[in-house]
């Protein structure tokens with residue numbers, strides 16, 4: 001129907017509206033109503049073009065990482081009321097899509113010989129009622145032409161914020177101790193907090209247990225060979241490696257710089273679906289303000 005109306009509009013000066021409507025089996029009144037609505041269609045098309053520009057800007061601002069849910073949430077934060085189905089359609093029509101995750105390389109090495117690991121105090125309940133009370137951590141490796149760079153993290157389950165991290169060219173126990181030390185020095189861990197990890201040799205070592213005890217942190221470990229027992233840490237590293245967009249760095253120094261920059265972006269600017277599409281830093285601030293009130 002629309003295509004026939006457009007044909008009449010394009011050829012009406014040559015053949016006349018009445019004649020074209022008769023040939024195409026249309027009512028003249030219907031055509032004139034379509035013409036009268038043209039201004040409204042033009043305004044809607046212009047508004048949609050403006051919305052596409054905003055969506056493309058958000059997509060570029062977050063280095064192509066945001067998909068439909070986060071872009072919709074960011075539009076709402078900017079006061080733009082739009083349905084996620086419309087965002088999905090516009091992104092599809094203009095070739096915009098979020099980044100999908102890659103498979104993670106494991107760095108877990110069980111301790112050799114008999115160990116007495118702590119129990120699992122988390123049991124796949126990755127929630128916390130307050131910041132600094134329930135934490136998870138893990139180690140991942142980042143490839144550079146100078147060799148591996150290892151990253152250890154401490155993640156707050158209430159805010160999903162990276163409250164502590166450490167990077168080194170080794171994955172000895174001091175790496176995970178440094179990450180815990182940084183989180184503690186920032187004052188972001190509460191007394192009697194729980195720190196959960198896998199059963200890697202670093203996390204089950206006496207040195208790490210001593211570091212936790214000094215900071216009044218209780219250890220917790222998952223089962224052997226179960227990635228789901230530390231799913232939050234696994235998912236974070238998958239997100240980092242997907243969104244940072246570098247397959248291999250020329251130097252460890254460049255990798256350090258890029259990872260640190262991305263961690264700042266993640267904590268302060270990236271919307272997190274688990275915490276209601278807020279940033280981790282916002283979630284921590286909102287909790288403190290609510291507590292003060």
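Every number here is computed from the coordinates shown, using simple stated rules; none is lab data. Just so we're clear, the structure is a prediction, and the values are computed from it rather than from any experiment. Please note: Cβ atoms are built from the backbone with ideal geometry, for glycine as well, and neighbour counts cover all protein chains shown.
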- What shape does the range 134-293 take by its C-alpha gyration tensor, where a ≥ b ≥ c are the square roots of the eigenvalues and a/c under 1.5 counts as rounded, a/b above b/c as prolate, and the rest as oblate? oblate
- Query: What is the distance, in nm, between label points placed 7 Å from the Cα along the Cα-to-Cβ direction at residue 124 and at residue 223?
  - Reply: 0.8
- Where does the chain land at 222 nm, in deg cm²/dmol rounded to the nearest 500, when only DSSP H runs of n ≥ 4 count, each adding -39500 (n - 2.57), divided by all residues? -15500 deg cm²/dmol
- Item | Taking 82, 176 and counting other C-beta atoms within 10 Å, the order from fewest to most | 82, 176
- Measure nothing but the geometry: give the 0 to 90° angle between the long axis through the Cα atoms of 252-268 and the longest principal axis through the Cα atoms of the chain, rounded to 10°. 70
- Task: Specify the inter-centroid distance of the range 135-210 and the range 231-293, based on alpha-carbon positions, in whole Å.
- Result: 15
- Label-point gap, in nm, between residue 47 and residue 85 - each point 7 angstrom along Cα→Cβ: 1.7
- Most to least packed among 65-76, 266-277 [average Cβ atoms within 10 Å]: 65-76, 266-277
- Message: At a threshold of 8 angstrom on Cα-Cα distance, excluding pairs fewer than six apart, so keeping six or more, what relative contact order does the chain reach in percent?
- Response: 17
- What is the helix-to-structure angle for 173-185, meaning the angle in degrees between its Cα long axis and the longest Cα principal axis of the chain, kept from 0 to 90 and rounded to the nearest 10? 70
- Item | Candidate values (1) 118; (2) 131; (3) 180, label of the one derived for volume of the Cα convex hull per residue in Å³ | (3)
- Query: If you stretched the chain out fully between residue 94 and residue 28, how much longer would it get, using 0.36 nm times the residue separation minus the C-alpha to C-alpha distance?
  - Reply: 20.2 nm
- Query: In what order do 122, 244 fall by count of nearby beta-carbon atoms within 10 Å, going from fewest to most?
  - Reply: 244, 122
